[in-house]
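Visitor: Have a look at this one.
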Amino acid sequence: MASTKMKIKKNKTGGRDVMVLAKHPMETGLRKDKKTGEKIPAHYIRTMDFAVNGAVVAQANLGAGVSKNPLIGMSMAGAKSGDTISATWTDNKGETGTVEKAVK
Amino acid sequence: MKRRIFLKSSMAAGAIAVAAGAGLLAPTRVLAAAWPEAAFTAKSEADALNAFFGSADAQDSGDVTLKAPLQAENGAVVPIKVMTSLADVEAIAVVVAKNPSPFITSLQMAAGSAGGMFSARIKMGQTSPVNCYVKAGGKVYKASQEVKVTVGGCGG
């Protein structure tokens, strides 16, 4: 389940655009199981930390209002060739996932 | 309708209980920011903004651009993108005014290290304005766009 992917693209300003795709159900806690009629418990990613060479530079906060398998994009002004960008997410059940990639 | 309210409030209570546990799992967090519980559980846009930015005042700005579809066929997946040319961006927040929990997602960043772009795919329950807020240099700027939703994607 914890399959997380990352894409890094150069942007116009010379920094890098980072796209992270995390596989996650992102349950809101409002939906019901159609067969049993029971509520499906909330299960969603809460935070995603973006780090360059190990130092966290940005944190995305997510709620249940983000679509399942969230694709989060952000840009890093300071990243350059040879740096390592990583993203780590934590959900409301304490599960985590991480992805790391070197900047080309 | 009453049942809906009950479900929402029980979910909020559960979220508070696990929030304390989640905070302990990230000891290496440099950008010391906890998950903004109050903003995510707020039931109105103004409450959410007060909780996140400390005020609900925001100024319309041409330097903030929100890219969103005019019409979303599927409310469960609405791609949005916020771009800004402002300097010293501290935080970006996305709010859908008519969702049960209006505060959707936000990005906080260390000054100067991240650029002005944030994108995500969000859920929308019904046709609603999507507002994005950018905090830069201590001030909050906003941009807004109405997205028409044909099929909602919030629970059901």
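The values are calculated or read from the model by the stated rules, or taken from the named source; none is laboratory data. None of these values were measured; they are calculated from a predicted model. Glycine gets a Cβ as well: all are built from the backbone with ideal geometry, and neighbour counts include every protein chain shown. Note: areas computed on protein heavy atoms with side chains; ligands, DNA, RNA excluded. Shrake-Rupley method; radii C 1.70, N 1.55, O 1.52, S 1.80 Å.
Visitor: Among the listed residues B:Ala87, B:Ala51, identify the single one that is surrounded by fewer than 20 Cβ atoms within 10 Å (Cβ to Cβ) and under 27 Å from A:Ala77 (Cβ atoms). I'd like the intermediate steps shown before the answer.
Guide: Numbers: B:Ala51 fails: under 27 Å from A:Ala77 (Cβ atoms).
So the residue among B:Ala87, B:Ala51 that is surrounded by fewer than 20 Cβ atoms within 10 Å (Cβ to Cβ) and under 27 Å from A:Ala77 (Cβ atoms) is B:Ala87.
Visitor: Right, here's the next one. In the stretch A:70-88, how many residues are touching a Ser or Thr at 6+ places or on another chain (Cβ under 6 Å) and under 13 Å from A:Ala60 (Cβ atoms)?
Guide: Kept after step one, since they are touching a Ser or Thr at 6+ places or on another chain (Cβ under 6 Å), are these residues of the stretch A:70-88: A:73, A:78, A:88.
Adding the requirement that they be under 13 Å from A:Ala60 (Cβ atoms) leaves A:73, A:88.
Of the residues in that region, 2 qualify.
Visitor: For the condition open to solvent by less than 50 Å² (accessible area, probe 1.4 Å), modelled with pLDDT of 85 or more and over 14 Å from the mean Cα position of the chain (by Cα), what is the one hit in B:Pro69, B:Pro129?
Guide: Numbers: B:Pro129 fails: over 14 Å from the mean Cα position of the chain (by Cα).
Sole residue among the options that is open to solvent by less than 50 Å² (accessible area, probe 1.4 Å), modelled with pLDDT of 85 or more and over 14 Å from the mean Cα position of the chain (by Cα): B:Pro69.
Visitor: All but one of (1) part of a loop (DSSP other than H, G, I, E, B); (2) out of contact with any Pro (no Cβ under 8 Å at 6 or more places or on another chain); (3) touching a residue at least 40 places away in the same chain (Cβ under 8 Å); (4) open to solvent by 40 Å² or more (accessible area, probe 1.4 Å) hold for B:Thr150; state the number of the condition that does not hold.
Guide: B:Thr150 satisfies every listed condition except (1).
Visitor: Let me ask something else about it. When the stretch A:41-89 is examined, which residues are found to be on the phi > 0 side of the Ramachandran plot and either free of Cβ contacts under 8 Å to residues at least 24 places away in the same chain or not in a loop (DSSP other than H, G, I, E, B) (or both)? Break it down into steps so the answer makes sense when it comes.
Guide: Of the stretch A:41-89, the ones on the phi > 0 side of the Ramachandran plot are A:53-54, A:69, A:82.
A:Gly82, the sole residue that qualifies.
Visitor: Among the residues of the stretch A:4-27, is there at least one that is open to solvent by 10 Å² or more (accessible area, probe 1.4 Å), within 10 Å of chain B (Cβ to nearest Cβ) and under 18 Å from B:Phe103 (Cβ atoms)?
Guide: yes
Visitor: Related question: What about A:Ile85, is it more than 9 Å from chain B (Cβ to nearest Cβ) and open to solvent by less than 10 Å² (accessible area, probe 1.4 Å)? Before you say what the answer is, go through the steps one by one.
Guide: Working: more than 9 Å from chain B (Cβ to nearest Cβ): yes; open to solvent by less than 10 Å² (accessible area, probe 1.4 Å): yes.
Yes: the conditions hold for A:Ile85.
Visitor: Does the stretch B:75-82 contain at least one residue that is over 25 Å from A:Lys12 (Cα atoms) and loosely packed, with under 14 Cβ neighbours inside 10 Å?
Guide: Scanning the stretch B:75-82 turns up no residue that is over 25 Å from A:Lys12 (Cα atoms) and loosely packed, with under 14 Cβ neighbours inside 10 Å.
Visitor: A further question follows. Looking only at residues in the stretch B:62-77 that are of a type in the set (D, E, K, R) and within 21 Å of A:Pro70 (Cα to Cα), which one is farthest from the other protein chains (Cβ to nearest Cβ)?
Guide: B:Glu73
Visitor: Of all residues in the stretch A:69-82, which are at the interface with chain B (Cβ under 7 Å from one of its Cβ atoms) and hydrophobic (A, V, I, L, M, F, W, C)? So that I can check it myself, show each step before the final result.
Guide: Here is the first cut: in the stretch A:69-82, the ones at the interface with chain B (Cβ under 7 Å from one of its Cβ atoms) are A:70-78.
Within the stretch A:69-82, A:Leu71, A:Ile72, A:Met74, A:Met76, A:Ala77 qualify.
Visitor: Might you check whether a residue that is open to solvent by 50 Å² or more (accessible area, probe 1.4 Å), in a loop (DSSP other than H, G, I, E, B) and within 22 Å of A:Ala22 (Cβ to Cβ) occurs anywhere in the stretch B:104-125?
Guide: Residues of the stretch B:104-125 open to solvent by 50 Å² or more (accessible area, probe 1.4 Å): B:111-112, B:121.
Filter once more, so that each one left must be in a loop (DSSP other than H, G, I, E, B): B:111-112.
In the following step, the residues that additionally are within 22 Å of A:Ala22 (Cβ to Cβ) were identified as none.
No.
Visitor: Name every residue in the stretch A:90-104 that is within 12 Å of chain B (Cβ to nearest Cβ), part of a strand (DSSP E or B) and of a type in the set (D, E, K, R), in order of residue number. If you could, list the steps in order and put the result at the bottom.
Guide: Here is the first cut: in the stretch A:90-104, the residues within 12 Å of chain B (Cβ to nearest Cβ) are A:90-96, A:98.
Narrowing further to those that are part of a strand (DSSP E or B): A:90-91, A:96, A:98.
Once the filter is applied, which keeps residues that are within 12 Å of chain B (Cβ to nearest Cβ), part of a strand (DSSP E or B) and of a type in the set (D, E, K, R), the stretch A:90-104 yields only A:Asp91.
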